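Below: one structure, written as structure tokens.
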Amino acid sequence: MNALLLFIATFVAVFALGFQSLNVNKGHPKAAFFTSFLIGTGNLAILKLVPGTEAHLEIAAYLLGGPFGIVASMWVHNKFMGRK
């Protein structure tokens with residue numbers, strides 16, 4: 001269960017960071033403002049879950065959340081915010 005939570009937390013944090021970057025670079029200030037809350041939520045979850053993590057499955061889940069999160073953020077941003 002902890003591995004799944006770590007994957008989700010990392011996915012959310014990296015997704016939000018990627019989405020935030022695209023919002024800033026493409027001139028979407030309101031979206032950038034609200035994305036900051038998602039970044040904070042993901043990071044807070046990571047900070048609560050990571051201490052004491054030693055299992056290989058949990059480490060793998062933490063590491064895999066990022067690549068999936070960034071690719072998903074690029075796809076979602078292009079789909080819903082459009083290219084500018």
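The table that follows gives values for the structure above.
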quantity: Residue within region 8-20 that is within 18 Å of F80 (Cβ to Cβ), over 12 Å from the mean Cα position of the chain (by Cα), surrounded by 14 or more Cβ atoms within 10 Å (Cβ to Cβ) and hydrophobic (A, V, I, L, M, F, W, C) present; calculated: no
quantity: One residue from G40, G52, G27 being at positive phi and without any contact (Cβ under 8 Å) to a residue 24 or more places away in the chain; calculated: G52
quantity: Region 35-68: number of residues that are loosely packed, with under 12 Cβ neighbours inside 10 Å and aromatic (F, W, Y); calculated: 1
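Every number here is computed from the coordinates shown, using simple stated rules; none is lab data. Just so it is clear, the model here is predicted, and its values are computed rather than measured. When we count neighbours, we look across all protein chains shown, and the Cβ atoms used for this are built from the backbone with ideal geometry, even at glycine.
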